[in-house]
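Novice: Let me begin by handing over the structure; questions about it come next.
The values are calculated or read from the model by the stated rules, or taken from the named source; none is laboratory data. Predicted model, so just to flag it, every value in this text is computed and none were measured. Reconstructed Cβ throughout: ideal geometry from the backbone, glycine too, with neighbour counts over all protein chains shown.
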Amino acid sequence: MTLQAVLFYLLAAVSIASAIMVITRRNPVTSALFLVLNFFSLGGLYLTLHAQFIAVIQILVYAGAIMVLFLFVIMLLNLGDSQSLREVISLRKLAGVGLSTAFLLEIIYILGFRVSDFPAGEVTRGLEIGTVEYIGQKLFTDYLFPFEITSILLLAAIVGAVVMAKRKLD
Amino acid sequence: MISVEQYLALSAVMFVIGVVGVLVRRNAIIVFMSIELMLNSVNLTLVAFSAYLGDVTGQMLVFFVMTVAAAEAAVGLAIIIALYRIRQTVNIDDINILKW
């Protein structure tokens, strides 16, 4: 087995295990920390695909900024072990798990019968497209308009978050 | 050499774990984290196809998805704080103020 295969299977195992831990832990802080682990393993998977820039902003933006926001809100709300939050096994949950399993089978069916129609490409062809130089050059030429629209979106999100979280609307 | 199908299968499994989290959990914050899981599994699909096809468009899309995810997390968590302030709970079964 090559180093790439070893890395892939290791990171895939870590990411699936941590994703399962995220949805099964009772304490939201534990879930959030497992989600950080999941984001780190995804960053490693992006590196195995030669997407260095995406891997770095995955760690910085997701594991850094977004998860700090999550942990901040969890600790701000100070949710105790309140009885109203206990999770019970109900018929609706079993139906949810059943539907998800059917969905997984559908996706695997599509993967098994459709992807093989793609032309056999070389993964190594994309060695230079993940670098900061190449992505920056594309971002400020071909994708300049979406990039500028993003700034308006972020401004709207800042205003919305401040208005929502303000104590009183007056 | 790892084929693109293996990345797609990993991404499908992670997406379904996120779907299970949204359908089964009742804590609004954990439902929110499951949505982040689903966004990330789709990002993995995009990066895998980007590397497979030698085209940078997939990675550009991941860049913009991350921006939207950051905005979504900020607004969504602000909504959870506002809901907690009026209802003292984050259990989504108890929050039905939009129901007619």
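Novice: Can you tell me which residue is modelled with the lowest pLDDT among those in the stretch A:130-147 that are more than 12 Å from B:Thr57 (Cβ to Cβ) and not in a helix (DSSP H, G or I)?
Specialist: Ranking the qualifying residues of the stretch A:130-147, first place goes to A:Gly130.
Novice: Give B:Val65, B:Val13, B:Val75 a once-over and let me know the one that is more than 7 Å from every other protein chain (Cβ to nearest Cβ) and surrounded by fewer than 20 Cβ atoms within 10 Å (Cβ to Cβ).
Specialist: Just one listed residue meets the conditions, B:Val65.
Novice: Further question: Can you spot a residue in the stretch A:88-95 that is modelled with pLDDT under 85, surrounded by 15 or more Cβ atoms within 10 Å (Cβ to Cβ) and facing chain B (nearest Cβ under 7 Å)?
Specialist: yes
Novice: Please verify whether B:Asp94 is of a type in the set (D, E, K, R), within 24 Å of A:Leu71 (Cβ to Cβ), over 11 Å from the mean Cα position of the chain (by Cα) and not in a helix (DSSP H, G or I), treating the condition exactly as stated.
Specialist: yes
Novice: Among the helices (runs of 4 or more DSSP H) confined wholly to the stretch A:1-113, which include 3 or more residues that are closer than 21 Å to B:Phe15 by Cβ and free of Cβ contacts under 8 Å to residues at least 40 places away in the same chain?
Specialist: Where helices (runs of 4 or more DSSP H) fall fully within the stretch A:1-113 and carry at least 3 residues being closer than 21 Å to B:Phe15 by Cβ and free of Cβ contacts under 8 Å to residues at least 40 places away in the same chain, they are A:3-24, A:28-48.
Novice: Go through the stretch B:42-62 and count every residue that is surrounded by 20 or more Cβ atoms within 10 Å (Cβ to Cβ), assigned to a helix (DSSP H, G or I), out of contact with any His (no Cβ under 8 Å at 6 or more places or on another chain) and at the interface with another protein chain (Cβ under 7 Å from one of its Cβ atoms).
Specialist: So the answer is 8.
Novice: In the stretch B:14-41, how many residues are outside any helix (DSSP H, G or I) and without any contact (Cβ under 8 Å) to a residue 40 or more places away in the chain? Break it down into steps so the answer makes sense when it comes.
Specialist: The first filter runs over the stretch B:14-41 and keeps only residues outside any helix (DSSP H, G or I), leaving B:25-27.
When the remaining residues are screened for being without any contact (Cβ under 8 Å) to a residue 40 or more places away in the chain, the result is B:25.
Number of matching residues: 1.
Novice: While we're looking at this one, here's another question. Go through A:Leu77, A:Leu71, A:Leu7, A:Leu42 for me and flag whichever is more than 15 Å from the chain's Cα centre (by Cα), modelled with pLDDT of 90 or more, surrounded by 13 or more Cβ atoms within 10 Å (Cβ to Cβ) and within 22 Å of B:Ala71 (Cβ to Cβ).
Specialist: A:Leu71
Novice: All but one of (1) exposed (fewer than 15 other Cβ atoms within 10 Å of the Cβ); (2) modelled with pLDDT of 90 or more; (3) in contact with a helix residue (DSSP H, G or I) (Cβ under 9 Å, 6 or more places away or on another chain) hold for A:Gly160, so report the exception by its number.
Specialist: It fails just one condition, (1).
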